[in-house]
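A short worksheet on the structure shown next.
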Amino acid sequence: MKRRKTFAVLVSLLLVVALFGTVLTGCSSKTANNNGGSSQKTESEPILIGGVAPVTGPAATYGKSTKQGYEMALEEWNAKGGVLGRKVKLVFEDDKADPTEAANAFSKLINDNHVVAIVGSVTSSCSLAGAPIAQRAGVPMITPTSTNPKVTQVGDYIFRACFIDPFQGTVAAKFVFNNLKARKAGVIYDIGQDYNTGLAEFFKKEFESLGGKIVAYEGYPDGTTDFNTQLTKIIDAKPDVIYSPNYYNDDGLIAKQARTLGFTGPIVGGDGWDSPDLFKIGGDAVNNCYFTNHFSKDSKDPKVQAFVKKYTEKYGEAPDALAALGYDAMNIMLTAIQNAGSTDGAKIKDALKNIDYQGVTGHIKFDKDRNPVKSAVIIKIENGKQVYVTTINP
Amino acid sequence: MKAKETVQDKKIPLFKKRDFQLLVGTVIFWAIFYTLTKFGMMNLYWMHIINVSLIYVILTTSLNLINGFSGQFSIGHMGFAAVGAYTSATLTTIVWNLPSHGVGPFSLFILSVILGGIAAAFIGFLIGLPTLRLRGDYLAIVTLAFGEIIRVVINSINFVGGPRGIPGIPRFSSFTVIVIFTFLSVIVLRNIIYSSIGRALLSIREDEVASELVGVHTTYYKVLGFTVGAFFAGIGGALLAHLIQYINPLQFGFMATIYVLIMVYIGGVGSLSGSIVAAIGITFLSEGLRLGLDKLDQVTPFHVGPEWRMVIFSVLLVATMLYKTNGLMGDMEFKVLIPEEEDENAKHGA
């Protein structure tokens, strides 16, 4: 142990000084507002809206789409003259799809930037980490894509723009029973993921209550690539359709192996199917398959068509469901601020509760749990393309 | 011989000077930020970051005990943090369903944190017993595997929410609680390092065969070091759960361990002071870059998005490792973290 450690001490001192320098400048400029609530600023300043999404890390592609959705909505409002006569500005933060980072990002947006409202985050785990901070500070928050029902249960300031897992299972059951006229269904799902089990469970419940019969209900563990055991059992029971509410990489393989085993009927899934990679994995096997989704870019709705056109021009790619949900979430929040006539958190929250908004992902109204009552679209896969089939209302 | 006698003859005061300095320093640190927050002069965001960085101090110093002082390369540290976090959060949120106020619930929370530490230590002991007979790369692989096993097991337990995690954990980890736990962890780790256990661990790190030859029970000490490290990781995890108010298994994955490992190596392997500096420094750096990029975006005509944060962060880490190969502190310590008896030993060559 050497006594000479001037360098180390110097480096650490410098670091401390530099960091606390930022702390102090942060303090002195914002002393007026210490409880982190939204502040009424002067008329000329822009209204700050916080945006959170994972633009790095494992969910980066989701984050990118969502962020582009936020930005496009914001630009449209600013082109129309802003909200309450003031410009709106997005303060965006990355959460790397990590809950600890999400808590940091939410805390920064609320306490340091003093945003009026927050749109985010994408994954349910990040929204669950950020929601208590927003709730405590009285800052309204809307998550575009977190489907876990527990997110909005955190408190009355937390809303969401997408439908929740149970709803998707229910819609799929209705579609299979009413539109595909199926009476016998087999279910195959990943038992290690809550998304999959949730959808499977609610599909079963609704399908049976409509009078259909679940002839086989087979789970498989996380990471399975050979589904022959489960599929053989299901196909032996002679179902009209197979419900596979899993992620696209599993679904592609399931479709392929089911076709090899001689199953020709439709295979139905959830929004986890929405990926271009599905065709790469599944090939021809995913033809004559359907899935429920938040949005279809082929919908005849003029609002959707205008959105798709504009988005494609701006970013050079067609919008996916995440971009559409990000766009809708931002629009809902800004509409609520406009309706509230104020940037006060409590007033925006009340305006959100009573909102009636026609978005690209459907008509949105909130129920008492602050979940949207909205429609789902059914998409059919034909020769490597997604084809819009119908919209199902709750 | 003579030198030893003088040390023993000296009356040892109840509070040694440096312990006192460390305590006073911590109290002043706590008092400043506590008052600033109380009177609303402190930005709550920075308060949050201070809390997170102090928890990282616990995680980093405890990993340094394993990786730095006893020279065992463990990369499953966050697995133990997960055990601690899940044990305490399950108790406070699911079993007892505590309200977030009151003296009774608060003492139960403290109990749950300690139980979390004990559970992590127990798992650490179970894992350490067979694996610490391995060395080097093999040990690294096995600890990595065990870290993942813990995560996968939690993933499959429905009672604790499986992959969805535990939301709605009461927010008990206040600044005061975190400061106290951090202080205690650092003091205990320091005392272990300068005790006979620490000496044994250091000798194992330097030469395992030689220490066995002079009578050091290497497996015993390695397992002991590993268990203590796991205990504090569990404490850190439990505090983190009650700060963020939400945990899920992904939070404690391999990348999270790597993050703590980076702090150990940037700070200096075998230096508690280094771990403290690096844990606080890196947390603040990672967050400071958010503000820095905001400013850059406003001042310069270029659009500098938040996706650049991790790029700059990584470049800074690489630069630090290039210019300070042994980490910021090497194996040196702040004077307050060295017991006074050590000076005597150094002087007389013990």
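The values are calculated or read from the model by the stated rules, or taken from the named source; none is laboratory data. Being a predicted model, the structure only gives us computed values, none of them experimental. When we count neighbours, we look across all protein chains shown, and the Cβ atoms used for this are built from the backbone with ideal geometry, even at glycine. In case anyone asks, the SASA skips ligands and DNA or RNA and just uses the protein heavy atoms, side chains included. Shrake-Rupley method; radii C 1.70, N 1.55, O 1.52, S 1.80 Å.
Laid out as a table, the results:
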quantity: Tabulated pairs, region B:28-48, first more than 8 Å from chain A (Cβ to nearest Cβ) and over 24 Å from B:SER286 (Cβ atoms), second open to solvent by 10 Å² or more (accessible area, probe 1.4 Å) and not acidic (Asp, Glu), C-beta under 7 angstrom, 6+ apart or interchain; calculated: B:TYR34/B:PHE175; B:TYR34/B:THR176
quantity: Any hit, region B:73-82, residues being over 15 Å from the mean Cα position of the chain (by Cα), part of a helix (DSSP H, G or I) and either under 27 Å from B:GLY161 (Cβ atoms) or touching a residue at least 12 places away in the same chain (Cβ under 8 Å) (or both); calculated: no
quantity: Flag if B:MET321 is part of a helix (DSSP H, G or I), in contact (Cβ under 8 Å) with a residue 40 or more places away in the chain and open to solvent by 50 Å² or more (accessible area, probe 1.4 Å); calculated: yes
quantity: Unmet criterion (only one of (1) open to solvent by 10 Å² or more (accessible area, probe 1.4 Å); (2) in contact (Cβ under 8 Å) with a residue 24 or more places away in the chain) for A:ALA329; calculated: (1)
quantity: Residues that are closer than 23 Å to A:SER65 by Cβ, small (Gly, Ala, Ser) and facing another protein chain (nearest Cβ under 9 Å), drawn from region A:104-126; calculated: A:ALA105, A:SER124, A:SER125
quantity: Within region A:44-71, considering residues that are more than 12 Å from the chain's Cα centre (by Cα) and polar (S, T, N, Q), the one surrounded by the fewest Cβ atoms within 10 Å (Cβ to Cβ); calculated: A:SER44
quantity: Residue selected from region B:122-152 under the condition open to solvent by less than 70 Å² (accessible area, probe 1.4 Å) and within 14 Å of another protein chain (Cβ to nearest Cβ), by the criterion nearest to A:ALA97 (Cα to Cα); calculated: B:ARG151
quantity: Residue in region A:185-193 that is under 22 Å from A:ALA285 (Cα atoms) and polar (S, T, N, Q) present; calculated: no
quantity: Subset of region A:44-73 that is polar (S, T, N, Q) and over 12 Å from A:THR145 (Cβ atoms) - its residue that is nearest to the other protein chains (Cβ to nearest Cβ); calculated: A:THR56
quantity: Tabulated pairs, region A:142-161, first in contact (Cβ under 8 Å) with a residue 60 or more places away in the chain and more than 10 Å from every other protein chain (Cβ to nearest Cβ), second open to solvent by less than 10 Å² (accessible area, probe 1.4 Å) and hydroxyl-bearing (Ser, Thr, Tyr), C-beta under 6 angstrom, 6+ apart or interchain; calculated: A:THR143/A:SER127; A:PRO144/A:THR66; A:ILE158/A:THR152; A:ARG160/A:THR143; A:ARG160/A:THR152
quantity: A:PHE291 being modelled with pLDDT of 90 or more, of a type outside the set (S, T, N, Q) and under 18 Å from A:GLY272 (Cβ atoms); calculated: yes
quantity: Answer residue from region B:324-347, given it is within 9 Å of chain A (Cβ to nearest Cβ) and part of a helix (DSSP H, G or I) and is least open to solvent (accessible area, probe 1.4 Å) among those; calculated: B:GLU342
quantity: Residue count, region A:75-100 (criterion: part of a helix (DSSP H, G or I) and surrounded by fewer than 24 Cβ atoms within 10 Å (Cβ to Cβ)); calculated: 6
quantity: Counted residues, region A:163-221 - those being of a type in the set (Asp, Glu) and surrounded by 22 or more Cβ atoms within 10 Å (Cβ to Cβ); calculated: 2
quantity: Among (1) in contact with a Leu (Cβ under 9 Å, 6 or more places away or on another chain); (2) without any contact (Cβ under 8 Å) to a residue 12 or more places away in the chain, the one test that A:LYS368 misses; calculated: (1)
quantity: Set A:ILE348, A:ILE337, A:ILE381: member being buried (at least 19 other Cβ atoms within 10 Å of the Cβ), touching a Cys at 6+ places or on another chain (Cβ under 7 Å) and outside any loop (DSSP other than H, G, I, E, B); calculated: A:ILE381
quantity: All positions within region A:107-130 that are closer than 11 Å to A:SER146 by Cα, open to solvent by less than 10 Å² (accessible area, probe 1.4 Å) and free of Cβ contacts under 8 Å to residues at least 60 places away in the same chain; calculated: A:SER127, A:LEU128
quantity: Yes/no for B:PHE313 being assigned to a helix (DSSP H, G or I), within 8 Å of another protein chain (Cβ to nearest Cβ) and of a type in the set (Phe, Trp, Tyr); calculated: no
quantity: Failed item, numbered, when A:VAL139 is tested on (1) within 14 Å of chain B (Cβ to nearest Cβ); (2) open to solvent by 10 Å² or more (accessible area, probe 1.4 Å); (3) in a loop (DSSP other than H, G, I, E, B); (4) modelled with pLDDT of 90 or more; calculated: (2)
quantity: Test: residue in region B:102-121 that is open to solvent by 10 Å² or more (accessible area, probe 1.4 Å), more than 24 Å from B:LEU201 (Cβ to Cβ) and not in a helix (DSSP H, G or I); calculated: yes
quantity: Whichever residue in region A:366-375 is at pLDDT 90 or above and not acidic (Asp, Glu) and, among such residues, is surrounded by the most Cβ atoms within 10 Å (Cβ to Cβ); calculated: A:PRO372
quantity: Some residue of region B:271-290 being closer than 30 Å to A:LEU109 by Cα and either free of Cβ contacts under 8 Å to residues at least 12 places away in the same chain or open to solvent by 60 Å² or more (accessible area, probe 1.4 Å) (or both); calculated: yes
quantity: Matching residues in region A:225-251 - criterion: being within 22 Å of the chain's Cα centre (by Cα) and more than 24 Å from A:LYS213 (Cα to Cα); calculated: A:TYR247, A:TYR248, A:ASN249, A:ASP250
quantity: Filter pass, A:VAL154 being open to solvent by 10 Å² or more (accessible area, probe 1.4 Å) and touching a Gly at 6+ places or on another chain (Cβ under 8 Å); calculated: yes
quantity: Cβ-Cβ under 7 Å pairs, at least 6 apart or on other chains, region B:145-173 side within 11 Å of A:GLY192 (Cβ to Cβ), far side part of a loop (DSSP other than H, G, I, E, B) and open to solvent by less than 10 Å² (accessible area, probe 1.4 Å); calculated: B:PRO163/B:ASN248
quantity: Filter result for A:THR123 (under 27 Å from A:ALA200 (Cβ atoms) and in contact with a Lys or Arg (Cβ under 7 Å, 6 or more places away or on another chain)); calculated: no
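Residue by residue, here is whether (1) surrounded by fewer than 24 Cβ atoms within 10 Å (Cβ to Cβ); (2) within 14 Å of chain A (Cβ to nearest Cβ) holds:
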{"residue": "B:GLY215", "(1), (2)": "yes, no"}
{"residue": "B:THR218", "(1), (2)": "yes, no"}
{"residue": "B:GLY225", "(1), (2)": "no, no"}
{"residue": "B:PHE232", "(1), (2)": "no, no"}
{"residue": "B:ALA241", "(1), (2)": "no, yes"}
{"residue": "B:ASN248", "(1), (2)": "no, yes"}
{"residue": "B:GLY253", "(1), (2)": "yes, yes"}
{"residue": "B:ILE258", "(1), (2)": "yes, yes"}
